[in-house]
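Beneath this line is the structure, given in structure tokens, with notes to follow.
The values are calculated or read from the model by the stated rules, or taken from the named source; none is laboratory data. Please read all numbers here as calculations on a predicted model, not as lab measurements. All Cβ positions, even for glycine, are placed from backbone atoms using ideal geometry, and neighbour counts span all protein chains on display. The accessibility values were calculated without ligands, DNA or RNA, using every heavy atom of the protein model including side chains. Shrake-Rupley method; radii C 1.70, N 1.55, O 1.52, S 1.80 Å.
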Amino acid sequence: QVQLVESGGGLVQPGGSLRLSCAASGFAVSAYAMSWYRQAPGKERELVAAITTAGGRNYADSVKGRFTISRDNDKTTVYLQMNSLKPEDTAVYYCNARIYVLNYWGQGTQVTVSS
């Protein structure tokens with residue numbers, strides 16, 4: 001059974017950092033593309049970062065140079081390191097796994113950037 005559990009969200013001041021974790025079970029994170037999405041109030045869910053099976057990484061323009069996606073195959077965990085956070089980064093962040101034609105989602109973790 002595929003399961004994704006996010007953690008690491010919270011309240012942080014502008015300019016601060018957070019590291020989100022996505023613990024996966026039921027499949028190998030190295031075998032499928034893994035992504036982080038976010039959804040702010042009143043907005044559509046958007047892709048933040050993705051990592052391919054080959055280790056290639058893609059980022060939304062709004063987070064390039066500030067966020068880093070990584071994967072620990074042994075721990076079956078995907079991370080999102082977020083630096084230089086801005087108020088506009090405030091959103092619920094979701095982990096996504098695309099396995100064949102199906103998309104799996106975690107429950108989300110809230111990130112709030114505010115002074």
Inset, instruction - Inspect the range 4-23 for any residue being modelled with pLDDT under 95 and over 17 Å from Ser114 (Cβ atoms) and give the result as yes or no. - result: no
Inset, instruction - Test each condition in (1) among the small types (Gly, Ala, Ser); (2) surrounded by 15 or more Cβ atoms within 10 Å (Cβ to Cβ); (3) on the phi > 0 side of the Ramachandran plot for Ala97 and report the one that comes out false. - result: (3)
Legend entry - Residues that are within 17 Å of Arg19 (Cα to Cα), of a type outside the set (A, V, I, L, M, F, W, C) and in a loop (DSSP other than H, G, I, E, B), drawn from the range 37-72: Lys64, Gly65, Arg66
Inset, instruction - Of the numbered conditions (1) more than 15 Å from the chain's Cα centre (by Cα); (2) within 15 Å of Tyr37 (Cβ to Cβ); (3) not basic (Lys, Arg), Val101 fails exactly one; give the number of that condition. - result: (2)
Legend entry - Considering residues of the range 1-16 that are open to solvent by 60 Å² or more (accessible area, probe 1.4 Å) and not in a strand (DSSP E or B) only, the residue farthest from Lys86 (Cα to Cα): Gln1
Inset, instruction - Answer with yes or no whether Ala40 is over 12 Å from the mean Cα position of the chain (by Cα), hydrophobic (A, V, I, L, M, F, W, C) and open to solvent by less than 50 Å² (accessible area, probe 1.4 Å). - result: yes
Inset, instruction - Show the residue pairs that are 6+ apart or on different chains and have beta-carbon atoms under 8 Å apart, the first residue being within the range 3-32 and aromatic (Phe, Trp, Tyr), the second being buried (at least 18 other Cβ atoms within 10 Å of the Cβ). - result: Phe27/Ala97; Tyr32/Ala97
Legend entry - When residues of the range 100-110 are limited to those that are outside any strand (DSSP E or B) and open to solvent by 30 Å² or more (accessible area, probe 1.4 Å), the one nearest to Phe67 (Cα to Cα): Gln107
Legend entry - Residue in the range 53-62 that is surrounded by 12 or more Cβ atoms within 10 Å (Cβ to Cβ), under 13 Å from Arg98 (Cα atoms), of a type in the set (Val, Ile, Thr) and modelled with pLDDT under 95 present: yes
Inset, instruction - Working only within the range 63-85, note down all residues that are open to solvent by less than 80 Å² (accessible area, probe 1.4 Å) and among the basic types (Lys, Arg). - result: Arg66, Arg71
Inset, instruction - Take Ser84 and decide whether it is touching a residue at least 40 places away in the same chain (Cβ under 8 Å), out of contact with any Pro (no Cβ under 7 Å at 6 or more places or on another chain) and closer than 21 Å to Gln3 by Cβ. - result: no
